[in-house]
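What follows is a set of notes on a single structure, which appears directly below.
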Amino acid sequence: MRSIVGDLLLLRLADGSSDPMNKRLYRGVREAILDGSIAADSRLPATRDLAAELGIARNTVVHVYSQLLAEGYTRSRQGNGTFVNASVPDSYLASGRRLRQAPQAQPRPALSPRGAAIVDSVSASPYQWGAFMPGVPDLTEFPHKKFGRIFSGLWRNPSPDLLSYSYGGGLPALREALAQHLALTRSIDCDPDQIIITEGSHQAIDLTTRILGEAGETAWVEDPGYWGARSILQANGLRTVHLPVDEEGMRLPDNAATPPRFIFVTPSHQYPLGPVMSLTRRRQLLALARQSGSWIIEDDYDSEFRFSGKPIESLQGLEPDAPVIYMGTFSKTLYPGLRVGYLVLPKTLTAAFQAAHAELYREGHLMTHAALAAFISEGHYAAHIRRMRMLYGRRRAMLVNLIERRLGPDWLHRDASMAGLHLVLTLPQDMDDLRVVDVARGKGVLTRALSRYYVNEDGRRPGLLLGYACVPEHDIARKFEVLLESLAEVARGG
């Protein structure tokens, strides 16, 4: 089997040059190192192997390797091979030749209006791990060995069915395990066929709005609310109406001029502020949806992590045949990179959603589904949630104590509930929370600005989302001091 380096050099040797082979090969290897085609610290093929790949004498390759070593392009250790040096010889750099051309400014591509709107309103962060990034679980505490053993067992003799395309909304074993888990933990009464496995919440929202909505229809969303849901609703042509949030959750209008097609809510732990939707408000919402023919999309965000009181019953399980599409993921309970979420549908929608899901997204990842099904069925999932609930509860208590002791209790948002993976730190109305985020990031602390979650200017409030789940206890106080330094610097006008 030829190496990548061998293929690269074959192309470079076919340049029509009449120079001797040793010069052509030397020039080809050196220029490939200089332009980055052969990366720094990569291993070159053995001289015998490269000679066979190129169809030349081994002595020619030995000579070229020796020359490159003498000039400092490579390094070699007996019995360990020949490696490309991370830096090239100074004499070559001094010759005036550049290793790479400076990138030229590119004109903006001709995006569609919808594409441009998506790109211009991006809120996804390139920073996804570290104190105090919200919405991130402690990935170091995931039971990797248990999950790995399950995965390894499946790969020893995988069924062809697990390696092919799928139809039906995900592996039946996973849907069965999920139905049992949701019945016990969220009072959701559903058959496994009512569950559709998705690649996270974004695909779940996309599928729902494509199948049940039309461009130009209205979707009610919380303000402040989750930017990802808002982006997908708008990308699918829906007009979003942003309703304010109070201590009971989304405030419903007295009279709706246009009945909404969708109502997107996070009732168990509103994102980002944290209040739990009251029972009265839940009843009103269900009654309104029935009357107007609307669909409630219930994002059961962070429902697994409540640190006091009884679990909050889901909207879906509150009434029989509720007009609710329930949505959940494993991103917070296991890890975000798993990219597994799910929908629980009314029975009348299951066949249509199964067909559309297979048609639009070409289902797969069944080996992951099988491993996850076993992980749940064997009790590892419930045990992991219990353990992490205790861990996150301790970290939350530490952060609350620091805020109250160093800043005062009024800095904690009034609607903060004993749940979730983050707290909201309120800031003075004249403080720029976006500036605080930038300053803190420069000092190695991550957070998100509360103002970015608002749409309506009149209700916008500055604040910081402080995620505590991924911060070890021994690091919380030190990182909080850095955050205080950032707040002080912005207050001084820095």
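The values are calculated or read from the model by the stated rules, or taken from the named source; none is laboratory data. In this text the structure is predicted, and so the values were computed from the model without any measurement. Counting neighbours? That spans all protein chains shown, and the Cβs are built from the backbone with ideal geometry, glycine included. With ligands, DNA and RNA removed, areas are computed over all heavy atoms of the protein, side chains included. Shrake-Rupley method; radii C 1.70, N 1.55, O 1.52, S 1.80 Å.
Points worth noting:
Listed here are the residues, each with its yes/no results for (1) of a type in the set (Ser, Thr, Tyr); (2) over 26 Å from the mean Cα position of the chain (by Cα); (3) assigned to a helix (DSSP H, G or I); (4) at pLDDT 90 or above.
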site	(1), (2), (3), (4)
Ser303	yes, no, no, no
Glu313	no, yes, no, no
Ile325	no, no, no, yes
Leu343	no, no, no, yes
Ala352	no, yes, yes, yes
Ala355	no, yes, yes, yes
Gly364	no, no, no, no
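- Among the candidates Ile205, Ile188, Ile232, Ile211, residue that is among the aliphatic types (A, V, I, L, M), more than 20 Å from the chain's Cα centre (by Cα) and within 20 Å of Asp302 (Cβ to Cβ): Ile188
- For first residues located in region 37-55 and in the same structural domain as Leu10 (by the TED database), partners that are open to solvent by 50 Å² or more (accessible area, probe 1.4 Å) and of a type in the set (Val, Ile, Thr) and lie 6+ apart or on another chain with Cβ distances below 8 Å form the pairs Thr47/Val62.
- Pairs with Cβ under 7 Å, 6+ apart, first in region 362-387 and in contact (Cβ under 8 Å) with a residue 12 or more places away in the chain, second among the β-branched types (Val, Ile, Thr) and not in a loop (DSSP other than H, G, I, E, B): His369/Ile197; Ala371/Ile150; Ala374/Ile150; Phe375/Ile150
- Restricting attention to region 60-88, the residues being within 18 Å of Gly36 (Cβ to Cβ) and exposed (fewer than 14 other Cβ atoms within 10 Å of the Cβ) number 2.
- The criterion of at least 3 residues that are surrounded by fewer than 22 Cβ atoms within 10 Å (Cβ to Cβ), in contact with a helix residue (DSSP H, G or I) (Cβ under 6 Å, 6 or more places away or on another chain) and not assigned by the TED database to the domain that holds Val340 is met by none of the strands (runs of 3 or more DSSP E) wholly inside region 170-262.
- Only a single criterion out of (1) surrounded by fewer than 20 Cβ atoms within 10 Å (Cβ to Cβ); (2) touching a strand residue (DSSP E or B) at 6+ places or on another chain (Cβ under 9 Å); (3) among the basic types (Lys, Arg) is not satisfied by Arg406, namely (2).
- Lone unmet requirement of (1) open to solvent by 40 Å² or more (accessible area, probe 1.4 Å); (2) not in a loop (DSSP other than H, G, I, E, B) for Ser308: (2)
- Of all the numbered requirements in (1) open to solvent by less than 20 Å² (accessible area, probe 1.4 Å); (2) closer than 27 Å to Leu163 by Cα, Leu450 misses one, and that requirement is (2).
- Residue match in region 415-435 (condition: within 30 Å of His369 (Cα to Cα) and either open to solvent by 30 Å² or more (accessible area, probe 1.4 Å) or assigned to a helix (DSSP H, G or I) (or both)): no
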